[in-house]
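As structure tokens, the structure follows; a few thoughts come after it.
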Amino acid sequence: MGRVRRAAQGGPGPGGGPVALGIQRPGLLFLPDLPSAPFVPRDAQRHDVEVLESSFPAILRDFGAVSWDFSGTNPLPRGWSPPLAPGCYQLLLYQAGRCQPNNCRRCPGAYRALRGLRSFMSANTFGNAGFSVLLPGARLESRCGPTNARVRCHLGLKIPPGCELVVGGEPQCWAEGHCLLVDDSFLHTVAHNGSPEDGPRVVFIVDLWHPNVAGAERQALDFVFAPDP
């Protein structure tokens, strides 16, 4: 609990390490003394990774049920959020720790998988879950997530050629049916460099607790960062 108090009292980042180098800059909360790496080993969240990967067919079916042609229709189809950037769309089942009931009902396989997770940040404003779509030619420029207390899990659903994720200067790519664990408090960029014929890149994103955040610390942070009523 001591580091939660220190995090609440101080600004993001200690005097050294990756934060001082400018590649890890969480915008709201830096929890000190957490192991930091752009990509987190799958074994660190083995149970939740296995649940999500075993649910891949059901989650992919759900995406097919809510998908559209992503042609820039205005207004957007029901449940889809305004684009984060040109060609970047989301449909969220949980947004900032709050369940989105209509979207959950439309995606029963994905919702069932979320209910089976042990480390999902489902009661915290840092917690989100849902479909992320990136169209060919689209790019999310360098940004940092709000906290190093979470790990963002990406389950690849549709991964055409030319897609890339760079976190803390380290490039990676998704694979269909497999999870990639990312510490998105590191500076990261997402790009789809493929051709229009390749179709969109689609991943299912879930925010999990960093494996080194203890249970009592999670409870305290859930209290401090409880979703708006």
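The values are calculated or read from the model by the stated rules, or taken from the named source; none is laboratory data. In this text, all values refer to a predicted model and were calculated from it rather than measured experimentally. Cβ: placed from backbone, ideal geometry, glycine included. Neighbour counts: every protein chain shown. Side chains included, ligands, DNA and RNA excluded: accessible areas come from the protein's heavy atoms. Shrake-Rupley method; radii C 1.70, N 1.55, O 1.52, S 1.80 Å.
Using label points projected 7 Å from each Cα along Cα→Cβ, tell me how many nm separate A65 and E164, to one decimal.
3.7
With a 1.4 Å probe and every protein chain kept in, tell me what percent of the accessible surface of the chain is carbon plus sulfur.
C and S atoms contribute 52 percent here.
Find how much the distance from E197 to Q172 grows on full extension, using 0.36 nm per residue of separation minus their present alpha carbon separation; answer in nm with one decimal.
6.8 nm
In terms of solvent-accessible area of protein heavy atoms at a 1.4 angstrom probe, what is the ranking of F63, F56, highest value first?
Solvent-accessible surface, decreasing: F56, F63.
Direction-averaged shadow area of the convex hull around the Cα atoms of the range 164-229, nm²?
Values: hull surface 27.6 nm².
The orientation-averaged projected area of the Cα hull of the range 164-229 comes to 6.9 nm².
So, R0 is 35 Å and r is the distance between the beta-carbons of R42 and R78; what FRET efficiency does that work out to, to 0.05?
The value I calculate is 0.55.
Which angle between 0 and 90 degrees, to the nearest 10, do you get for helix 56-66 versus the longest principal axis of the chain when only C-alpha atoms count?
Roughly 60 degrees between the two axes.
Give, in nm to one decimal, the length gained when the segment between A226 and S142 is fully stretched (0.36 nm per residue of separation minus the Cα-Cα distance).
27.5 nm
Provide the per residue accessible area, probe 1.4 Å, for the chain, rounded to a whole number of square angstrom.
Values: 10520 Å² over 229 residues.
The answer is 46 Å² per residue.
What's the angle, to the nearest 10 degrees (0 to 90), between helix 215-224's Cα axis and the longest principal axis of the chain?
The answer is roughly 80 degrees.
When the dipole is taken about the Cα centre of the range 132-229, and only Lys, Arg (+1) and Asp, Glu (-1) are charged at their Cβ, what size is it in debye, to the nearest 20?
Computed charge dipole of the range 132-229: roughly 40 debye.
Can you tell me what percent of all Cα-Cα pairs in the chain are more than 25 Å apart?
Considering the chain, 39 percent of its Cα-Cα pairs are separated by more than 25 Å.
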